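Step one of this worksheet: look at the structure below.
The values are calculated or read from the model by the stated rules, or taken from the named source; none is laboratory data. The model shown is predicted, which means the values in this text are computed figures rather than measured ones. Cβ coordinates were reconstructed from backbone atoms using ideal geometry, including for glycine residues, and neighbour counts include every protein chain displayed.
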Amino acid sequence: MSNNTSFIGRAILNKNMIIITIQRYLNLQNDDVALRQLTGLKKQEFETLHSFFENEWKNYFSQFTLEGAPRLRQTSLRRNNIFTDNRDALLFGLIYLKGDILQEQLAAFFTIDQPKASKYLSLVKRLLQSILSKHAQVLPKSKRLRILKALR
């Protein structure tokens, strides 16, 4: 595991099995160094971006499923949801966009398969593209441009 991914999760060897635990935003919110290493953003920058992201995330899922099909029933938080907090979805996307991890690795840390990770990354990227294109003030110019470049 590289230094960049060591903050994402922790591997524990237990009777010849490796158990991976993920660090969610809740665990990282008070560790500005780790958050910056993972996402390239300071906590305040992450929180500002999240305020826009949360609205986009909720709006999307109120209308569509993850696959993009029109939603036929009201959205609800289920026990098996991957992202019980949409900050984790933003964290998931920003970690990937920083470019220090493969989809397969990120999927393993979030205990999902790579195809599901790809679907979530596609959605997060579309939402970020929309936010950063509409709201130039959401992040400092250099960070906004870095993320936009990674989105291409």
statement: Restricted to the stretch 53-76 and to residues being aromatic (Phe, Trp, Tyr) and within 14 Å of the chain's Cα centre (by Cα), the residue farthest from Ala117 (Cα to Cα) is Phe53
query: Of the conditions (1) in a helix (DSSP H, G or I); (2) modelled with pLDDT under 95; (3) buried (at least 17 other Cβ atoms within 10 Å of the Cβ), Ala34 fails just one. Which one is it?
result: (3)
- request: Consider Gln129 carefully, then state whether it is over 15 Å from Leu90 (Cβ atoms) and either basic (Lys, Arg) or surrounded by 13 or more Cβ atoms within 10 Å (Cβ to Cβ) (or both).
  value: no
- prompt: Would it be correct to say that Arg24 is modelled with pLDDT under 95 and either touching a Phe, Trp or Tyr at 6+ places or on another chain (Cβ under 6 Å) or on the phi < 0 side of the Ramachandran plot (or both)?
  reply: yes
query: If you take just the helices (runs of 4 or more DSSP H) that sit entirely in the stretch 76-152, which of them hold at least 2 residues that are within 15 Å of Glu54 (Cα to Cα) and at pLDDT 95 or above?
result: 86-98, 114-134
field: Of all residues making up the stretch 76-103, the number that are under 22 Å from Ile147 (Cα atoms) and free of Cβ contacts under 8 Å to residues at least 12 places away in the same chain
entry: 1
field: Answer from Leu66, Leu49 - the residue that is modelled with pLDDT under 95, of a type outside the set (Val, Ile, Thr) and not in a strand (DSSP E or B)
entry: Leu66
message: Taking the conditions exactly as written (of a type in the set (A, V, I, L, M) and part of a helix (DSSP H, G or I)), does Leu72 satisfy them or not?
response: no
- request: Answer yes or no: is there a residue in the stretch 112-129 that is basic (Lys, Arg), in contact with a helix residue (DSSP H, G or I) (Cβ under 8 Å, 6 or more places away or on another chain) and touching a residue at least 60 places away in the same chain (Cβ under 8 Å).
  value: no
